[in-house]
Amino acid sequence: MTILNKIPCTIVTGFLGAGKTTLVRHAVEHNDGRRLAIIVNEFGDVGFDGSLLAECGIPGCDADAVVELPNGCICCTVADDFVPALNKLLDRPEPPEHILIETSGLALPKPLVQAFNWPAIRSRVTVDGVVAVVDGPAVASGAFADDPDALAAQRAADASVDHENPLEEVFEDQLLCADLVVMNKSDLLDEGERARVRAEVEAHLPRAVKLVETAHGALDPRVLLGLNAAAESDLAARPSHHETEEDHDHDDFESVAVPMKAAGSPEDLAARVAKAAEVAGVLRIKGFCAVADKPMRLVVQGVGRRVAHHYDRPWRPAEHRDGTLVVIGLTGFDKDAVAAALKG
């Protein structure tokens, strides 16, 4: 089968909170009628991004089109999770015309690209492109530079930690594999900051790669899809700190799910999330919560010390309304302090 007969797949990678799900949702909403499917991977064991997509109300973006792979990074579960999920989509009576694969924020893209050479799928699919989504304000603030306090906490919990910055390592691996870099949240940066972020990103790129700026993930699907990279045939041009699925793990990071009772107001909950984000080593907080006397489900997202929230849909009549917030951080972060801050 030639590349023209293979179903194209776009791998959307990027660090925690960069805006991958927002980018994917925009692409689905403006895809001009193509039959798309989405595979979403979560680091934690509570589904969040997949639920946001499957329940967004956009035609073609529903539970049948979204496959969720929680509780681990897709780059480590290729054989057990990813290949079976992909084959299940391909075996449908009407298979998708394009597949979007959103990795977890801690996943390394190269082992996933290599999986497209597996005999079970190599004649059926191709990697149309690897798209790295970059959180512009996070890069501008030095989030991927050394954080002595966070690293000290991690080393105190695990004496085997021997590298300088696990965040930068993941961030760099995602860029090294990219065919397109999307600098998201550029509306939050001034001209000088945008120039500095561009320079830092380009310093990590091993070859000429297009970099585009976006706000709220609003990128024309004609730019995102149809790159025709056939990345699985171009592995040598994509260096990595971890060349194989077996060559890495995610012991630098861990997550915890914190059950949450109904909040008095979105603002009160956001303040508690912001306080929890100040605990050393915390990288990302996200989840769904209830608000007292409100019929709508509240979506809460914290990236660093930036917290956003919005109502996404009404609670269903028989739906359990106690919420859950997933907290992802460097190994050894103080889970008790985080839970205490979230529960007020």
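Key figures
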item	result
Selection count, segment 101-136, where residues are under 16 Å from the mean Cα position of the chain (by Cα), farther than 16 Å from Asp81 by Cα and of a type outside the set (Gly, Ala, Ser)	7
Pair list, Cβ < 9 Å and 6+ apart or interchain, from segment 22-45 residues that are on the phi > 0 side of the Ramachandran plot and at pLDDT below 90 to residues that are open to solvent by less than 40 Å² (accessible area, probe 1.4 Å) and not in a loop (DSSP other than H, G, I, E, B)	Asp32/Pro221
Residue in segment 257-264 that is outside the structural domain of Leu36 (by the TED database), open to solvent by 20 Å² or more (accessible area, probe 1.4 Å), at positive phi and not in a strand (DSSP E or B) present	no
Hits in segment 280-293 - residues which are more than 18 Å from Pro166 (Cα to Cα) and among the hydrophobic types (A, V, I, L, M, F, W, C)	Ile285, Phe288, Cys289, Ala290, Val291, Ala292
Top-ranked residue of segment 236-256 - restricted to ones that are part of a loop (DSSP other than H, G, I, E, B) and among the acidic types (Asp, Glu), ranked as modelled with the highest pLDDT	Asp252
Odd one out for Ala218 among (1) open to solvent by less than 40 Å² (accessible area, probe 1.4 Å); (2) modelled with pLDDT of 95 or more	(1)
Residue within segment 138-151 that is hydrophobic (A, V, I, L, M, F, W, C), farther than 21 Å from Met183 by Cβ, touching a strand residue (DSSP E or B) at 6+ places or on another chain (Cβ under 8 Å) and at pLDDT below 90 present	yes
Complete set of residues in segment 298-344 that are open to solvent by less than 50 Å² (accessible area, probe 1.4 Å), touching a residue at least 40 places away in the same chain (Cβ under 8 Å) and part of a loop (DSSP other than H, G, I, E, B)	Gly304, Thr331, Gly332, Phe333
Residues satisfying the stated conditions in segment 231-243, i.e. surrounded by fewer than 16 Cβ atoms within 10 Å (Cβ to Cβ) and closer than 15 Å to Cys9 by Cβ	Ser233, Asp234
All positions within segment 269-297 that are surrounded by 13 or more Cβ atoms within 10 Å (Cβ to Cβ) and out of contact with any strand residue (DSSP E or B) (no Cβ under 7 Å at 6 or more places or on another chain)	Ala271, Arg272, Lys275, Val279, Ala280, Lys294
The listed residue being touching a residue at least 40 places away in the same chain (Cβ under 8 Å), over 20 Å from the mean Cα position of the chain (by Cα) and not assigned by the TED database to the domain that holds Asn184, out of Ala276, Ala229	Ala276
Positions within segment 249-302 being within 25 Å of Ala318 (Cα to Cα) and of a type in the set (Lys, Arg), in sequence order	Lys261, Lys286, Lys294, Arg297
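Each row is one residue, and each column tells you yes or no for (1) open to solvent by 20 Å² or more (accessible area, probe 1.4 Å); (2) β-branched (Val, Ile, Thr); (3) touching a helix residue (DSSP H, G or I) at 6+ places or on another chain (Cβ under 8 Å).
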{"residue": "Val170", "(1), (2), (3)": "no, yes, no"}
{"residue": "Glu191", "(1), (2), (3)": "yes, no, no"}
{"residue": "Glu200", "(1), (2), (3)": "yes, no, yes"}
{"residue": "Glu213", "(1), (2), (3)": "yes, no, yes"}
{"residue": "Arg222", "(1), (2), (3)": "yes, no, no"}
{"residue": "Asn228", "(1), (2), (3)": "yes, no, no"}
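The values are calculated or read from the model by the stated rules, or taken from the named source; none is laboratory data. Since this is a predicted model, take the numbers as computed values, not measurements. Every residue, glycine as well, gets a Cβ built from its backbone with ideal geometry; the counts of neighbours run over all protein chains shown. We work out accessible area using only protein heavy atoms, side chains counted, and drop any ligands, DNA or RNA first. Shrake-Rupley method; radii C 1.70, N 1.55, O 1.52, S 1.80 Å.
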